[in-house]
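Each value in this text was obtained by applying a stated rule to the coordinates, not by laboratory testing. This one's a predicted model, so the numbers in the text were calculated from it and none came from an experiment. Here the Cβ positions follow ideal geometry from the backbone for every residue, glycine too, while neighbour counts run over all protein chains shown.
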Amino acid sequence: MMKITILAMAGLKEPYLREAAAEYQKRLGGYCSLKIIERTPVHLPEKPSEKEIAAALEKEGDDLLRLLPENAYVTVLCIEGRQCSSEAFAHTVEHCRNAGQEMVFVIGSSYGLAEKVKARGHAVSFSEMTFPHQLFRVMLLEQLYRAFRINSGGAYHK
């Protein structure tokens, strides 16, 4: 069974987001072995300076890079990344599954990701819009489920 890991800088605080994530995790159980690793973002003051933000991202980046398996297909999720359709995303998932390659998705903190983390993987953007990182995890889980349904010829994808 395909192995997928999501590295997320923060947990899900809101019950409705935890419930939505749990539903998609349950649905994905038939398609992959899914692990979610939550890390604690660096605490910043209410109005951090650019220097404080940069230092926090560097520290978070070091933490994330230590967790990335050597041969995994790493996707960093950031607004600067390449946008793709659900079908193209499904194709990438299928390619990795056929190659026996683990997929790792990285979701940064509310200030994003360090450049060294972005450089470690394939940068993908779901939109030019900005989304809360907690909501984005649910969106990623839904797109993973959609990808598996597309690849299996299921009726979920319309």
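Within segment 66-85, can one find any residue that is closer than 14 Å to residue 39 by Cα, more than 13 Å from the chain's Cα centre (by Cα) and without any contact (Cβ under 8 Å) to a residue 40 or more places away in the chain? Among the residues of segment 66-85, at least one is closer than 14 Å to residue 39 by Cα, more than 13 Å from the chain's Cα centre (by Cα) and without any contact (Cβ under 8 Å) to a residue 40 or more places away in the chain, which makes the answer yes. Does residue 60 meet the test of being farther than 19 Å from residue 147 by Cβ and surrounded by 18 or more Cβ atoms within 10 Å (Cβ to Cβ)? When the stated conditions are applied, residue 60 passes them.
If you go through segment 1-17 and pick out every residue that is over 27 Å from residue 62 (Cα atoms) and either charged (D, E, K, R) or in contact with a strand residue (DSSP E or B) (Cβ under 8 Å, 6 or more places away or on another chain) (or both), you end up with 2. The set of residues from segment 79-125 being touching a helix residue (DSSP H, G or I) at 6+ places or on another chain (Cβ under 7 Å), under 30 Å from residue 43 (Cβ atoms) and surrounded by fewer than 17 Cβ atoms within 10 Å (Cβ to Cβ) comprises 110, 116. Listed by first and then second residue, the pairs with beta-carbon distance under 8 Å, at least 6 apart or on different chains, first residue in segment 15-33 and farther than 17 Å from residue 133 by Cα, second among the small types (Gly, Ala, Ser), are 31/152.
I'm checking my understanding of the structure. Among residues of segment 108-158 that are free of Cβ contacts under 8 Å to residues at least 40 places away in the same chain and among the basic types (Lys, Arg), which one is farthest from residue 63 (Cα to Cα)? Selected residue: 158. Checked against (1) loosely packed, with under 12 Cβ neighbours inside 10 Å; (2) out of contact with any Phe, Trp or Tyr (no Cβ under 9 Å at 6 or more places or on another chain), residue 30 meets all criteria but (2).
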